[in-house]
1. Can you give me the long-range amide H partners of Val200? Hydrogens built in the peptide plane at 1.01 Å from N, cutoff under 5 Å, separation of 5 or more residues or another chain.
2. Answer rounded, prolate or oblate for segment 68-133, using the Cα gyration tensor with square roots of eigenvalues a ≥ b ≥ c: rounded when a/c is under 1.5, else prolate when a/b is larger than b/c, else oblate.
3. Tell me, what HN-Hα J-couplings in whole Hz come from the Karplus equation 6.51 cos²θ - 1.76 cosθ + 1.60 at θ = phi - 60° for each residue of segment 301-306, using x for Gly and Pro?
4. For Lys397 and Ile78 in one chain, what is 0.36 nm times their gap in residues minus the Cα-Cα distance, to one decimal in nm?
5. Quick one: Debye curve from the alpha-carbon atoms of segment 251-333 only, equal weights, vacuum; give me log10 I(q)/I(0) at q = 0.19, 0.23 Å⁻¹ to two decimals.
6. Order of 283-290, 400-407 by packing, highest average Cβ count within 10 Å first?
7. Using Stokes-Einstein with the Kirkwood hydrodynamic radius over Cα pairs, what translational diffusion coefficient do you get for segment 348-393 at 37 °C and a viscosity of 0.692 mPa s, in µm²/s rounded to a whole number?
8. Would you please state which residues of segment 277-312 a label at Arg263 would reach in this model, taking the label point 7 Å out along Cα→Cβ and a backbone N cut-off of under 19 Å?
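The values are calculated or read from the model by the stated rules, or taken from the named source; none is laboratory data. Values in this document were obtained by computation on a predicted structure and should not be read as measured data. Cβ sites come from the backbone with ideal geometry, for glycine too, and all protein chains shown count toward neighbours. Only protein heavy atoms, including side chains, enter the accessible area calculation; ligands, DNA and RNA are left aside. Shrake-Rupley method; radii C 1.70, N 1.55, O 1.52, S 1.80 Å.
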Amino acid sequence: GGGGAASALRGAEKAWRLAAFGRGGNGKARPGVHPGAQGRKRAGPPVWTSPFHHSNASARAPTARVSRQLLPNILLAIADDLQRSDLGSYNHDAWMTKLTPHIDSIGARGGGRTFLDAHTSSPLCTPSRLAMLTGRYASCAYANAAAGVSSSAGTSIASTASSSTGAFVSGGVGASEAGKGFDGGKSGGGAHASVARRMVRQMGLNGTMTFSPEVPSLDFNLELSPSRSSADEGGAPLTMGHVLREHGYATGFVGKWHLGHPRSSISTEERRRVQRASASAWKQVRESVLQEYKAVQALVRRAGFDYAERIYVNNLYPEQHVLPSAMLHHNVEWIAEGAAKFIATPRGVPFMLFVSWTLPHNPDASESINADPRYTPGGMWACNRSVILAQRAAVRKAANASSPQPRYGHKHYPLALAWLDAGMGT
């Protein structure tokens, strides 16, 4: 990343701590308090408190306009399938501490915090990401069912609903303030859509059998793909990117998307031709690869991100990408450089960057780290190959790759953690 990029990421880390913990009157980090939050009494359940919280008032009107000098930069990083025990800061194992020093330092440096009782809306990639980006439960994605929005699996989520029974599921937590998302439930059909469900025989907690609406499976059949050109026109639910952008933020996204595919004009036959092509045949498939990648970028921009670069549209499985399978690998340095470039860009406004790492999810990190670093979903990366190879050699040394520890689809799992940490330390 170079000195400038490293400095930019360190500055972003400081801003991230400020975003998470706020400022006191003396300008120092103060847990749980944000500018303008002191002295404010709130009724009801706890809500996210920030200068741009939408509260119970108008869905898009901020509670208070805050000077841009007080608005922090925000760096939100997600590591795919990372477990608490993978980090030295949580399990305090000397070996693990050596693997993840940069990630561990986030919670250790001046005013940082680690969390011991965190929860997720879902144990799977897609629904948990949708909840994080929209502030809604994943079940609210069924608001798109009426429009027949296609999922990343190629099927319509509308197909899970049956209009013949007359049974509907609505309300519940989705009707509460907590389920309305960042826009108060005013886009994408409301907090929860009333979608027809077939009636099934189910056993209650007291052992009695009743007929009740079937609860649909929420896994990889969801997507955040706007059915129209923008959220304002009734497309996808408002995301944190939309909200922050409305309040003067520059917004960026790099890394794994996994919230749906764009409407592709590339035929199934052409996709298969590209996927079967060798890396040496790159020039013969270049046009199709770049056409699809630009469509992916446009999809992410519509979800509220001005800067959409270094993107993996889905998990690293060949059938999910328009790319020669030989070129589909984890590429931590490619993602990290994209993040550093966004952070280092001069601007007179605060920024929010969502960094979504592909690791430590499979496939095997050792195969990827030994692959040509120029291979990316966006084509051939014009990088300094010798510099990247030297960085990867340092990662292998830190992970002691000569003593394999197979786990979670990796031949040497510590290598996946060390490589991820190197990206965070760029």
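1. Ser212, Glu214
2. Working: a/c = 2.20, a/b = 1.12, b/c = 1.97.
Cα axes put segment 68-133 in the oblate bin.
3. Per residue, the Karplus-derived 3J(HN,Hα) values read 5, 5, 8, x, 10, 5 Hz.
4. Additional length available on full extension: 112.4 nm.
5. -0.82, -1.15
6. The densest-packed peptide leads the list: 283-290, 400-407.
7. It diffuses with D of about 254 µm²/s by this estimate.
8. From segment 277-312, the list is 291-304.
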